[in-house]
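Beneath this line is the structure, given in structure tokens, with notes to follow.
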Amino acid sequence: MSLHTAHALASQLADGTTTAVALANEYLERIARTEPTLHSFVTVMRAEALAAAEASDARRAAGKPLSRFDGVPIAIKDNMITRGTRTTCSSRILENFVPPYDGTVVGKLRAAGLVPIGKTNLDEFAMGSSTENSAFGRSKNPWNLDLVPGGSSGGSATCVAGGQAPWSLGSDTGGSIRQPASFCGLVGLKPTYGRVSRYGLVAFASSLDQIGPMTLDVEDTAELLSIISGHDPLDSTSANIAVPDYAAELREGSLAGKRIARPREFFTGEGMDPEVTAIVEATTEKLRSLGAEIVDVSMPHLQYSVSCYYLVATAEASSNLARFDGAQYGFRAADTKNIVEMFSRTRAQGFGPEVKRRIMIGTHALSAGFYDAFYVKALKVRTLIKQDYDKALAQADLILAPTSPFPAFAAGARSADPLAMYLCDIFTLSLNLAGYCGLNLPAGYTSAGLPVGIQLFAGAFEETKLLQAAWQLEQAIGVVGTRVPALASV
Amino acid sequence: MALSAKDVEHVALLSRLELGPEETRKFTDELTKIFTYVEQLDQLDVTGVPPTAHPLPMKDVFREDVVRTPLSNSEALSNAPEKEDGCFRVPQIV
């Protein structure tokens with residue numbers, strides 16, 4: 001079995017080779033066969049998908065498709081609210097929560113005729129780098145089932161890599177799209193902060209979160225980014241900037257003459273799997289062979305990313321997760337005597353350990369007597385990190401970085417020590433702190449056959465330049481679409 | 001920076017999280033480890049550096065003061081663990 005891109009399926013729908021109902025049935029059947037193994041989904045939307053597919057075929061028969069992608073299935077990370085379909089954030093505290101409205105991005109998918117096929121598994125409330133923090137069990141990496149798919153958008157990665165959906169949406173607060181994309185051999189893009197509406201994305205860290213595409217190739221990422229982007233009056237942090245047709249411009253702009261910054265602090269080799277280093281070096285050579293100039297830069301504050309992030313993000317999370325208290329929705333603890341006991345026991349029973357840990361880190365960092373020493377200091381370091389990015393982007397068009405120090409690791413390997421897990425994200429965190437855009441591009445495989453990706457970053461709202469460079473590099477590297485996980489042949 | 005069990009109990013109270021003794025012990029160890037790690041930020045001189053709370057240069061984003069259609073009462077209550085007379089019902093507050 002080969003994995004089909006959304007743009008390939010769109011062509012098949014347009015020329016009548018297939019129908020939306022046939023596609024929905026094929027993917028649902030494959031999900032039924034592979035879910036016991038992969039566990040990508042918290043909720044499979046069987047009835048909803050078939051109904052949406054029927055409506056799509058009717059529109060197409062009447063000559064009125066809503067978009068080129070009308071009828072193409074899509075999987076959605078279960079921290080984006082979907083009207084009438086439970087949205088759990090992979091937490092017991094929202095296990096039976098059924099939203100009465102759609103988030104803006106979900107609404108845009110429906111308005112384009114896409115067929116939501118299921119809600120995917122994540123680390124609880126998007127807190128984690130392996131999807132092992134899900135309250136409903138871990139998702140498995142289709143490339144090797146003993147390994148994690150990364151996180152927090154693990155289920156969104158496994159369903160696409162495992163052929164259960166042609167593309168999916170993830171969310172990225174500190175690398176949660178890019179790192180699982182690297183572990184599962186996918187393209188995953190974090191848009192510039194404000195490019196995509198956060199209305200309906202259950203907030204983890206309000207100044208860092210973004211929804212983004214997880215796809216089999218750069219063209220699908222470009223197409224999906226155009227569908228989901230845009231100003232939203234319901235999200236006061238969304239940017240009022242026009243949305244280009246990113247896919248239409250993809251093949252323009254050559255890498256020849258482009259300046260690619262290589263921050264030396266990301267290339268010390270320290271803590272890196274040597275096979276990952278080799279693939280990143282090979283990619284650098286490939287860029288040179290395409291005529292790009294590699295510019296050595298220093299971004300001296302990158303080494304403080306983990307500390308800065310784990311104060312800023314946790315502080316914001318402690319505030320955002322205060323709403324989960326059993327009062328208006330979600331799980332409520334039984335037999336409590338008063339309101340404070342109800343709140344405290346509901347949250348104790350409803351949240352998993354990582355969520356509690358991060359809420360407490362954030363609360364401590366914000367508390368009286370510690371606020372300046374931790375939270376404000378971290379915000380000042382954030383300014384220094386952002387300035388490093390600005391200086392690098394003043395000298396170059398793009399920044400190159402590894403995505404992860406290592407390929408997918410074994411389940412359980414990093415769960416005993418929270419800090420060991422946090423250090424997985426050393427190459428991804430700083431982009432969210434700066435607010436700029438970046439993606440993971442598959443760049444090769446280890447000798448064990450595991451995918452390894454690299455990152456490219458661009459400045460604010462420079463997704464066009466980023467995608468053009470990624471597309472050129474994707475063609476030149478030539479690994480995308482050449483291998484599929486063994487599970488894909490089931 | 002080392003946290004004591006008392007510190008963790010205080011943070012748990014502020015966070016409205018009821019912790020058992022074993023949990024308190026475990027979180028005390030873990031939070032100590034994490035707060036010791038973040039001390040590396042003290043290596044930096046941040047004098048005169050403004051804090052960045054928000055990555056985009058935006059302020060005062062307002063909308064027109066126009067009434068829109070909200071969720072209905074029943075939609076808003078649809079996930080309520082307990083409800084009464086069109087309101088959310090919770091244990092005694094005062």
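The values are calculated or read from the model by the stated rules, or taken from the named source; none is laboratory data. Quick caveat, the model's predicted, so the values are computed rather than measured. Virtual Cβ from ideal backbone geometry, glycine too; neighbours counted across all protein chains shown.
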Name the residues in the range A:55-69 that are assigned to a loop (DSSP other than H, G, I, E, B) and under 17 Å from A:Leu9 (Cα atoms), would you? A:Pro65, A:Leu66, A:Ser67, A:Arg68, A:Phe69
Would you confirm whether any residue within the range A:147-163 is in contact with a Ser or Thr (Cβ under 7 Å, 6 or more places away or on another chain), under 24 Å from A:Thr104 (Cα atoms) and not small (Gly, Ala, Ser)? yes
Looking at A:Ser289, A:Ser298 in this structure, which one is touching a helix residue (DSSP H, G or I) at 6+ places or on another chain (Cβ under 7 Å), more than 14 Å from chain B (Cβ to nearest Cβ) and polar (S, T, N, Q)? A:Ser298
Output the residue which, of all residues in the range A:451-482 that are under 25 Å from A:Ser229 (Cα atoms) and among the small types (Gly, Ala, Ser), is surrounded by the most Cβ atoms within 10 Å (Cβ to Cβ). A:Gly453
Tally time: how many residues in the range A:311-342 are part of a loop (DSSP other than H, G, I, E, B), crowded, with 17+ Cβ neighbours inside 10 Å and among the aliphatic types (A, V, I, L, M)? 2
All conditions in (1) surrounded by 14 or more Cβ atoms within 10 Å (Cβ to Cβ); (2) more than 9 Å from chain A (Cβ to nearest Cβ); (3) in contact with a Gly (Cβ under 7 Å, 6 or more places away or on another chain) are true of B:Leu56 except (2)
Single unsatisfied condition, B:Asp7 versus (1) on the phi > 0 side of the Ramachandran plot; (2) surrounded by 16 or more Cβ atoms within 10 Å (Cβ to Cβ); (3) more than 7 Å from every other protein chain (Cβ to nearest Cβ): (1)
How many residues, within the range B:24-83, are over 27 Å from A:Gly352 (Cα atoms), part of a loop (DSSP other than H, G, I, E, B) and not aromatic (Phe, Trp, Tyr)? 28
Only unsatisfied item for A:Leu122, checking (1) assigned to a strand (DSSP E or B); (2) touching an Asp or Glu at 6+ places or on another chain (Cβ under 7 Å); (3) not small (Gly, Ala, Ser), is (1)
Residue match in the range A:466-486 (condition: acidic (Asp, Glu), touching a Ser or Thr at 6+ places or on another chain (Cβ under 9 Å) and closer than 17 Å to A:Asp217 by Cα): no
Quick one: how many residues across the range A:301-331 are hydrophobic (A, V, I, L, M, F, W, C), at the interface with chain B (Cβ under 10 Å from one of its Cβ atoms) and in contact with a strand residue (DSSP E or B) (Cβ under 8 Å, 6 or more places away or on another chain)? 1
How many residues are in a helix (DSSP H, G or I) and either among the charged types (D, E, K, R) or more than 8 Å from chain A (Cβ to nearest Cβ) (or both) when one looks only at the range B:14-23? 3
Looking only at the range A:343-387, and only at residues there that are among the β-branched types (Val, Ile, Thr) and either over 28 Å from the mean Cα position of the chain (by Cα) or more than 7 Å from chain B (Cβ to nearest Cβ) (or both), the one that is surrounded by the most Cβ atoms within 10 Å (Cβ to Cβ): A:Val355
All but one of (1) at the interface with another protein chain (Cβ under 7 Å from one of its Cβ atoms); (2) surrounded by 16 or more Cβ atoms within 10 Å (Cβ to Cβ); (3) over 30 Å from A:Asn432 (Cα atoms); (4) touching a Leu at 6+ places or on another chain (Cβ under 9 Å) hold for B:Val90; which doesn't? (4)
Selected residue [free of Cβ contacts under 8 Å to residues at least 24 places away in the same chain, closer than 30 Å to B:Lys33 by Cβ and of a type in the set (Val, Ile, Thr)] from A:Val340, A:Val312: A:Val340
Quick one: in the range B:59-82, of everything that is farther than 16 Å from A:Gly330 by Cα and at the interface with another protein chain (Cβ under 8 Å from one of its Cβ atoms), which residue is modelled with the highest pLDDT? B:Leu71
Of the candidates B:Asp42, B:Asp85, the one satisfying the condition of being more than 7 Å from chain A (Cβ to nearest Cβ) and surrounded by 10 or more Cβ atoms within 10 Å (Cβ to Cβ) is B:Asp42
Pick out the one residue from A:Glu26, A:Glu48 that is within 11 Å of A:Pro116 (Cβ to Cβ) and out of contact with any helix residue (DSSP H, G or I) (no Cβ under 9 Å at 6 or more places or on another chain). A:Glu48
Looking at the structure I just gave you, is A:Lys108 of a type outside the set (Gly, Ala, Ser) and in a helix (DSSP H, G or I)? yes
Looking at the range A:92-109, I want the residues that are modelled with pLDDT under 95 and have a partner that is surrounded by 20 or more Cβ atoms within 10 Å (Cβ to Cβ) with Cβ atoms under 6 Å, at least 6 apart or on another chain. Which pairs are those? none
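Which is touching a helix residue (DSSP H, G or I) at 6+ places or on another chain (Cβ under 7 Å), modelled with pLDDT of 95 or more, farther than 15 Å from A:Gln303 by Cα and more than 10 Å from chain B (Cβ to nearest Cβ), of A:Ala394, A:Ala408, A:Ala401? Lay out the reasoning, then the answer.
On the way: A:Ala394 fails: touching a helix residue (DSSP H, G or I) at 6+ places or on another chain (Cβ under 7 Å); A:Ala401 fails: farther than 15 Å from A:Gln303 by Cα.
Going through A:Ala394, A:Ala408, A:Ala401 in turn, just one is touching a helix residue (DSSP H, G or I) at 6+ places or on another chain (Cβ under 7 Å), modelled with pLDDT of 95 or more, farther than 15 Å from A:Gln303 by Cα and more than 10 Å from chain B (Cβ to nearest Cβ): A:Ala408.
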Which helices (runs of 4 or more DSSP H) does the range A:381-490 wholly contain that include 1 or more residues that are more than 18 Å from A:Cys308 (Cβ to Cβ)? A:418-422, A:463-477
